[in-house]
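Note sheet for the following structure.
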Amino acid sequence: MLDTSGWVVELERDVWLLNSDPYDPSRCTKLQNATRWPTEKAAKRAMNRVRNYCHRKFHGFKIYRVEE
């Protein structure tokens, strides 16, 4: 069975970060499709890239660990 646990970024309620392209971050509405980063630090770095360059700052974003 494939391990799909890791750290995810929820940009806003029920919208997760799929790709951390800083100018146009891809988003998804299904948690199982969200990108999993191996560490919380890696997820924070991805979100910092997005917030530094994207016109939307996603002020209410959350980073948390999922175990699936």
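Kindly list, by first and then second residue, each pair from a residue in the range 25-45 that is over 13 Å from Arg65 (Cα atoms) to a residue that is assigned to a helix (DSSP H, G or I), limited to pairs with Cβ atoms under 7 Å and residues at least 6 apart or on different chains. Filtered contacts from the range 25-45: Pro25/Val50.
Just one of (1) in a loop (DSSP other than H, G, I, E, B); (2) under 11 Å from the mean Cα position of the chain (by Cα) fails for Arg45. It is (1). Being surrounded by 11 or more Cβ atoms within 10 Å (Cβ to Cβ) and more than 16 Å from Thr4 (Cβ to Cβ) is the filter; apply it to the range 27-40 and report the residue that is modelled with the highest pLDDT. Once the filter is applied, the top-ranked residue is Glu40. Glu68 meets the conditions (1) in contact with a Ser or Thr (Cβ under 9 Å, 6 or more places away or on another chain); (2) part of a helix (DSSP H, G or I) in every case but one. The failed one is (2). When each of Pro22, Pro38 is tested for being touching a Cys at 6+ places or on another chain (Cβ under 8 Å) and of a type outside the set (Phe, Trp, Tyr), the lone residue that passes is Pro22. Taken over the range 50-68, the criterion of being more than 10 Å from the chain's Cα centre (by Cα), surrounded by 11 or more Cβ atoms within 10 Å (Cβ to Cβ) and modelled with pLDDT of 90 or more is satisfied by Arg65, Val66. Yes or no: Leu18 buried (at least 17 other Cβ atoms within 10 Å of the Cβ), free of Cβ contacts under 8 Å to residues at least 40 places away in the same chain and in contact with a Pro (Cβ under 8 Å, 6 or more places away or on another chain)? So Leu18 passes the test.
The values are calculated or read from the model by the stated rules, or taken from the named source; none is laboratory data. Values in this document were obtained by computation on a predicted structure and should not be read as measured data. Cβ coordinates were reconstructed from backbone atoms using ideal geometry, including for glycine residues, and neighbour counts include every protein chain displayed.
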